[in-house]
Structures are given as structure tokens and as C-alpha cells.
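Okay, structure first, notes after.
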Amino acid sequence: MDLIHPHSAHDVQEEIRSCAADGRRILIVGGREHLDKGNATEIDAELWTTLLDEVVTYDPAEMLAVVEAGMRLGELRRALAKGGQEWPIDGPEDATVGGLIAAGVEPIRRFRVGTLRDTIVEMEAVLGDGRRITSGARVVKNVSGFDVHRLLTGSLGTLGVITQVALKLRPLPKAAITLVTHEGGLTLGRRLLDALWQPAAILAEPGRVIVRLEGWPAEVAEQAASVRALAACDEAEDGVFAEPPYPDAPILAEIGVVPSRLDDVVEGASGYRALVGVGTAWVPCAHVAELGALRFRAAAAGGIAPVVRGPGGLGDVPLPAPEIHRRIEAVCDPSSIFAPGRGWGGSTPEG
């Protein structure tokens, strides 16, 4: 299998044109942190973006950074911290910015920082025929046309190669604390959510609830007191809330369902980490049969259960508006070179 390492967006264009002419199927690779998310597919080459790793511009006064897509998240964090700011995506240090966007990795702290798409104000990408496009704008008044950058977010690299993005930043919190309760469960998690006016995140597990609080010192102290009044808890290390759940599980599924139905899906599971109030939960599975049972419960609740680690793919979920989906693919990837079948609506050989 060929490994392609472009040094610039122009190189990406040339390589994509070559692959399209030869009919070579390619997988877009960043930090290899989220490759399990997506259906298994046969490819002829991998195109790595990791040499596109520069900060193009960073203006702390405008709270905006323009970076190449292959930049590692850890490097970006350190660069932005010098200006007292952050791109609020809670991912692994070695993940690339483009990989996080393509995989649709949402902030764990979305109660406080919003969604991934809201942080992307402009994107440059190369489509399957070698065209380089720009979507969005760094100045809101200049925005026109379709929001293609929102379309490519979460597309798993099946519509184009992200080469550069302009990111909306936020100030680092003046104070932060992570509290871990002695008891767990979704019921306790919801009680804590009701008691707090703006937590960064509340993560419920069967045996504990992790509460992340951020903001001004007085605000954080007041909310921490509210947590302690409701449940016995201890202060934990700062990064506990963002640690990968169940790292030893052979399969990890990410549940997406309306919050009121989350209990129905995780009931009977061997474990879970649920983002309370959002309807997202990560559930470990020992084997594909267990994953199948989980997906049955998720579907009954009107949700989905794609795998984010291990075999199983995205699941056999009916694709909404399939004709529109096909037309988008035909425009963005006319030669079907971007890992055909990897995205939603593709084949799922396991689970």
C-alpha cells in the first residue's frame, strides 16, 4: 500500500488528481486516533496530512487562529496557552486538528463551550477532482455561499481533504475543578445537572459521577459547594474528565440518542460513561454480539451506536435523504476515491 506525505496544499491537489486519474482509493490519515470510526473499506493508499502542521496566523486580540490541518492538538494547545486561550476540543494530544474535525469529535465541555462546528469559521479543503475550495470566512460580514465546511465536519474524510482551518478560540478559564462523587448513576447525574447553572460537563458512570466546573473563581467555588451539598465527592486531577473511557475494552461504542431515552439504551450494559443532559454515552462491548444488542436498544430508542474503537463500523442505520447524499458525494468525490463505503450509508461487515 502506498503512503503519501504531501508537504503543502498544492501537493495534496497533485496527489488527489493522480489518484483520481489512476482510480486509486485513498484513506485520509492524521494522527491515527480516530480511524476506527467509520466502516471497514478497501484502499490502495493512505494520504497523511501530518506534514501540514504550521500555525499560519494567530491573533489573540481577535481570538482567531488559522492552522494547517495536520497540526497536533497538543502543539496547538501549547501555542494558544501563551495567549491565554484555547480551542476547546477535548481530544488526545497526538490527534490532528483536521482529524478531529473530520471525525466530528465534539467537546466534552459543550455545555460551556458549544459545539465543534461553531468553532470552525473557515476551511480550506481539496475535493476528489483536485479542486481546492474555501468555505466560510474569517470576517462574518464576508460569508456567502454554502457552508461546505460544516458538511465536511464529521464526514470521516469521505468528501475531501481538509488542509487548513480558521478556528474561533475562547479564553482559558480563570478557575477550574474536577470533582468525582463516591456514588454513580444517571439519576445522580441529573440531580447535579439540575442543581448547577452552567457546569462544563457532568459525566455519569455506574460507580461515580465526574463533574467539571470552569469559570471565574467565585463562580466555580459556589458551584463546587452545590455539588458537595448533594453528594460526597473528592477533587480529582484536572484531566480526569477528558480521559478516554474504558481504554482496555476491545470495542467502544458511542451512543447518540435523545437524553430522555438514554437510560433505556445503557440499561443492561456492562458499563457506560454518559454525558448527562446531552444524550451521548460511551459503552464498552466485549464482542460483536454485545454490540449488536446495544445497537438494537439504541435503534428502539431512535438513536445510533457507531463504534469509535475496535471493529463494528457505524452500524446499519437507514441513511436520511439518500438521493441528496449521493448527489453530494458525486460533486465532492466524482471518482469515488475517498475510502468508498467508509461513511454513513456504506457497508458494515461487522455488527
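The values are calculated or read from the model by the stated rules, or taken from the named source; none is laboratory data. Just so you know, these numbers come straight off a predicted model, no measurement behind them. Backbone-built Cβ (ideal geometry, glycine too); neighbour counts: all protein chains shown. Accessible surface areas use protein heavy atoms only, side chains included; no ligands, DNA or RNA. Shrake-Rupley method; radii C 1.70, N 1.55, O 1.52, S 1.80 Å.
Brief remarks follow.
- Cβ-Cβ under 8 Å pairs, at least 6 apart or on other chains, region 290-304 side under 12 Å from G268 (Cβ atoms) and charged (D, E, K, R), far side outside any helix (DSSP H, G or I) and open to solvent by 10 Å² or more (accessible area, probe 1.4 Å): E290/S270; R297/E267; R297/G268
- Meets criteria (of a type outside the set (A, V, I, L, M, F, W, C) and surrounded by fewer than 19 Cβ atoms within 10 Å (Cβ to Cβ)) for H34: no
- Residue within region 47-61 that is more than 21 Å from the chain's Cα centre (by Cα), part of a loop (DSSP other than H, G, I, E, B) and free of Cβ contacts under 8 Å to residues at least 12 places away in the same chain present: yes
- Strands (runs of 3 or more DSSP E) completely within region 228-292 that count 3 or more residues being within 17 Å of the chain's Cα centre (by Cα): 251-256, 273-275, 280-285
- Residue, surrounded by the most Cβ atoms within 10 Å (Cβ to Cβ), within region 226-258, restricted to residues that are touching a helix residue (DSSP H, G or I) at 6+ places or on another chain (Cβ under 9 Å) and over 22 Å from H182 (Cβ atoms): A253
- In region 320-347, the residues that are of a type in the set (V, I, T) and under 20 Å from E46 (Cα atoms): I337
- Filtered by the rule that a residue be open to solvent by less than 10 Å² (accessible area, probe 1.4 Å) and within 15 Å of L262 (Cα to Cα), region 187-206 gives G189, I202, L203, A204.
- Qualifying residue in region 94-101 (condition: at pLDDT below 95, touching a Leu at 6+ places or on another chain (Cβ under 9 Å) and surrounded by fewer than 21 Cβ atoms within 10 Å (Cβ to Cβ)): no
- Residues of region 72-90 that are in contact with a Leu (Cβ under 9 Å, 6 or more places away or on another chain) and either without any contact (Cβ under 8 Å) to a residue 60 or more places away in the chain or outside any strand (DSSP E or B) (or both): L73, L76, L80, A81, G83, G84, W87, P88, I89.
- So A249, is it in contact (Cβ under 8 Å) with a residue 60 or more places away in the chain and under 17 Å from R110 (Cβ atoms): no
- Count of region 119-150 residues which are farther than 16 Å from L167 by Cα, modelled with pLDDT of 85 or more and either under 18 Å from the mean Cα position of the chain (by Cα) or assigned to a loop (DSSP other than H, G, I, E, B) (or both): 5
- Test: residue in region 262-278 that is crowded, with 20+ Cβ neighbours inside 10 Å, without any contact (Cβ under 8 Å) to a residue 40 or more places away in the chain and within 27 Å of R32 (Cα to Cα): no
- Residues of region 158-186 that turn out to be open to solvent by less than 20 Å² (accessible area, probe 1.4 Å) and charged (D, E, K, R), as a count: 0
- Within region 13-31, the set of residues being free of Cβ contacts under 8 Å to residues at least 60 places away in the same chain, surrounded by fewer than 19 Cβ atoms within 10 Å (Cβ to Cβ) and charged (D, E, K, R) comprises D22 only.
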